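The values are calculated or read from the model by the stated rules, or taken from the named source; none is laboratory data. Since the model is a prediction, treat every value here as computed from it, not as a measurement. Because the Cβ atoms are built from the backbone with ideal geometry, glycine has one as well, and the counts that use them run over all protein chains shown. All accessible areas refer to the heavy atoms of the entire protein, side chains included, with ligands and DNA or RNA removed. Shrake-Rupley method; radii C 1.70, N 1.55, O 1.52, S 1.80 Å.
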Amino acid sequence: MWPGRHLEWSACGSASATCQSAGTLGRHFGLAGPGLLGVGGGTGSPNPYPLQHSTPLAVMASPLKLEQDMQGKVDSFRARIAQEAEDLVSTFFPQKLSELDSRVQELRLQDLSRIRSVPVPESLIAPDTAGDGPNRDPPPLQTQPSIKVLALPSGEGQLLRSNQHLVELIERVKPEIELLREKCNTVRMWVQLLIPKVEDGNNFGVSIQEDTVDQLWTVESTAASYLRRFSTYYNTRAKLVSKIVKYPQVEDYRRTVAEVDENEYLSVRQILLHVRNQYATLHDVILKNIEKIKTPRSTNTDNLY
């Protein structure tokens, strides 16, 4: 057999196999007439597995539609939040600023000694009972002055009370912190609802809105940390008082409790100062940028050119 004829037959066999495979693929995918890629013939028989047509782009890009009653509820919520937030910024924030400023002035730094609830024991020198002459008593072995230990009540049913001055002060400050968080949350929601959809260019007003939202969120997070620190103070003081009960003769534990109380008094006063300052800062920043916050994108584009 000739080599050329062998190559010709091999090529024809490969072509036939290719045409057969192409025709099979064409029939499988429902292609009538010529086979896949124009090779091989299709029978035109119906395809038992038709191709699934994709959703048109116009349908996918269509906006979501809400029912009329649901859209009305959303619009009512937006209007209520906007009215409440504007009242907070224009009226409530200045009122709380003035009120807290008066309360801060009442917490004077000279009141530190008044808040101590664990007294420091006084040292008493032991009386000299030694007499004169031959009846003189021998000197005691201990030459240091004795200390009068102020023992705390012990036993079942005995309550070691907290520092009442600080408890009353903390209970007065905690509602102010929670109120600041709540009002900041309302104003932050209002600003977030005013942010327009994402577009290219003319986003300076949007950046101001985002900065305002970040600042309000920071105030909320800081206020939450203030609420957590009160439990830390109570826990620290409880451990020290338990040490005093166990070791009543150690004066350093008593002094440590007094220092912890004084530091907490200063911290609570500083927290109240911070709450007052936040009302002043938020009121000032929002009023200065109220136009950009309410209308982040200007409709007048002639000034851009």
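Of note:
- Full-stretch length increase - THR91, LEU273 - with 0.36 nm per residue and alpha-carbon distance subtracted: 63.5 nm
- Under 12 Å, Cβ to Cβ, from VAL206 - net charge with Lys/Arg +1 and Asp/Glu -1: -1
- Extending 7 Å from Cα along the Cβ direction at ARG297 and again at GLN68 yields two label points whose distance is 2.9 nm.
- Taking all protein chains together and rolling a 1.4 Å probe, HIS165 ends up with roughly 80 Å² accessible.
- Accessible surface of region 159-216 [probe 1.4 Å, protein heavy atoms]: carbon and sulfur percent: 50
- For region 174-305, the Kirkwood estimate of the hydrodynamic radius, built from every pair of different alpha carbons, is 18.1 Å.
- When each of LYS183/LYS288; LYS73/LYS197; LYS73/LYS96; LYS65/LYS288; LYS174/LYS246; LYS73/LYS292 is checked by Cα-Cα distance, pairs over 29 Å: LYS73/LYS96; LYS65/LYS288; LYS174/LYS246
- Taking Cβ atoms as reference points and 10 Å as the exclusive limit, the residues near LYS243 contribute a net charge of +2, counting Lys and Arg as +1 and Asp and Glu as -1.
- Accessible surface, 1.4 Å probe, highest first, among residues LYS243, LYS65: LYS65, LYS243
- With a cut-off of 14 Å between beta carbons, the residues surrounding SER231 carry a summed charge of +3, where Lys and Arg count +1 and Asp and Glu -1.
- Accessible surface ranking for ARG161, ARG78, ARG237, 1.4 angstrom probe, highest first: ARG161, ARG78, ARG237.
- A simple rule links phi to the HN-Hα coupling: the Karplus curve 6.51 cos²θ - 1.76 cosθ + 1.60 with θ = phi - 60°, which for region 279-285 gives 4, 5, 5, 5, 4, 5, 5 Hz, with x for Gly and Pro.
- Heavy-atom accessible area for LEU159, with the other protein chains in place and a 1.4 Å probe, reaches approximately 120 Å².
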